[in-house]
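Following: one structure in structure tokens, then a few remarks.
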Amino acid sequence: MATPDRQSAYHQPMQAATRRVVWAGMIGNVLEWYDFGLYGLLAPVLASAFYPGHNHIAALLGVYGGFAAGFAMRPIGAVVLGRLGDQVGRRFVLVLSVALMGAATVAVGVLPGYAALGLWAPIGLAATRLFQGFSVGGEYVGSVTYLVEAAPPGRRGLAGSVANLGATVGMLLAAAAAALASGWASSALGIDALPHWAWRVPFLLGGALAFAGYWLRRHLPESGEAWAPPDGTAPLLQALRESPRTMLWALLLTSGYGIVNYLAMVFLPTFAHEFGHVLESDALRINTAGQALALAVVPLSGWLSDMRWRRRTMVAAAFLGVAAVAWISFAWAGRGGLSGLWAAQLLQAGLLAVVMGAAPAFLAEQFPPAYRVSAHAVVFNIGIGIAGGTAPLVAVALVEVTSNPMAPAYYLLFGALLAAAGTLALRDHSRERLPALIANS
């Protein structure tokens, strides 16, 4: 239960500076997940645009391979940008990352396709994903760290959830933009407009989000001083020396988290379209509804983690819930038609949103300020980047190898159990003062 001090903190009016911090912390995550959401949701269209058309499954594997390649760069970006965040300042990384992300998103929208460039088209697409993956390596964790450190007393959970609120808004915008582009191209311009050029418009609009992020972030105050180890040790090396077990358990959590996130919110609509014969436009609209549900649940989950239940309990319970319904969710999506996909998508979105609300502060609280950005960024981007970014590719490959359309359900079960185990192995600091947190390995 919340203490009187914690309860009173929620009734204090939000100052203009605090509102700017909230918006600035959220906008980069909007852009990040808008871009990745578009890429995942428009995977069939991108496969047609950038790969030869004689083998659809091979082209889809190629697109998801590019999706995974972008995520593979995130740990490298995490090391470079995480060190800058710890030793130069949190704000510097926030401004740099949003500018780089915007450039990468617009680049996808202007890149010529296979018909114009031949084999250089998929190479160019992969290159933009690598650049984008590097730039987001410090974005999410940098914004979470800034938000949590700048939060008023008793609001760390709610403040941290703002980053994933931005991610949810980004995914919602991506789903809506993809659905609108598909519907607009079909009804107003003819069915062939979407694969030829209409898919480019949502990517180009990402440039406007990047400009808004730069404008909001350029004058932010620092959330605290930059902490450089007295002996000149890199923050990541300090983290590995002082908190190795914490980093290991956090890596298990983020790896399972990545698998669950990308199977439930990116791959599931494609699965329903490819294997359940649901129209792509219908699958995208249902995914949009799932993102809208998460938009409401994420801040509620963050608030509850401050006021009612400890963050570790909420995160572990949500992942165990995902594990319990993993198989039935894919069965509904693959065999239940529109109603089955509605049920599966909303169920998975609601459970994942609980994690998205409570996990940001929970993970940030695991590390002391001297290496908070570096340690958090590396474990998050290896987990989300490697395990999560490859999840759609692994899911398609499992179907191909086993000839079993339900193989992705077992991978979702594995990811959820892995995340729950990592969560339960970590300590809960949700009721401690943030400056007092120390290495706990």
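A few comments on the model shown:
- Cross-chain or 6+ apart pairs with Cβ under 9 Å, the range 269-283 first and basic (Lys, Arg), then part of a loop (DSSP other than H, G, I, E, B): none
- Residue match in the range 92-99 (condition: more than 28 Å from Pro368 (Cβ to Cβ) and at pLDDT below 75): no
- Residue count for the range 330-383 satisfying the condition of being in a loop (DSSP other than H, G, I, E, B) and among the polar types (S, T, N, Q): 1.
- Against the list (1) under 23 Å from the mean Cα position of the chain (by Cα); (2) modelled with pLDDT of 85 or more; (3) assigned to a helix (DSSP H, G or I), the condition Ile386 fails is (2).
- Cβ-Cβ contacts under 7 Å between residues 6 or more apart (or on different chains), taken from a first residue in the range 28-50 that is closer than 17 Å to Ala69 by Cβ to a second residue that is hydroxyl-bearing (Ser, Thr, Tyr) and modelled with pLDDT of 80 or more, are listed as Asp35/Thr105; Ala43/Thr270.
- Taking the criterion of being outside any helix (DSSP H, G or I) and either among the aliphatic types (A, V, I, L, M) or without any contact (Cβ under 8 Å) to a residue 12 or more places away in the chain (or both), the residues of the range 123-182 that qualify are Val136, Ala151.
- Extreme residue, farthest from Tyr39 (Cα to Cα), among residues of the range 200-221 that are surrounded by 21 or more Cβ atoms within 10 Å (Cβ to Cβ) and of a type outside the set (A, V, I, L, M, F, W, C): Arg217
- Test: Ala163 is surrounded by fewer than 16 Cβ atoms within 10 Å (Cβ to Cβ) and either modelled with pLDDT of 75 or more or not charged (D, E, K, R) (or both): no
- Looking only at residues in the range 4-42 that are surrounded by 12 or more Cβ atoms within 10 Å (Cβ to Cβ), of a type outside the set (Phe, Trp, Tyr) and not in a helix (DSSP H, G or I), the one that is modelled with the highest pLDDT is Leu42.
- Test: residue in the range 421-435 that is more than 23 Å from Asn164 (Cβ to Cβ), of a type in the set (Asp, Glu) and modelled with pLDDT under 90: no
The values are calculated or read from the model by the stated rules, or taken from the named source; none is laboratory data. The structure presented is a predicted model; accordingly, all values stated were derived computationally and were not measured. Neighbour counts run over all protein chains shown; Cβ positions are idealised from the backbone, glycine included.
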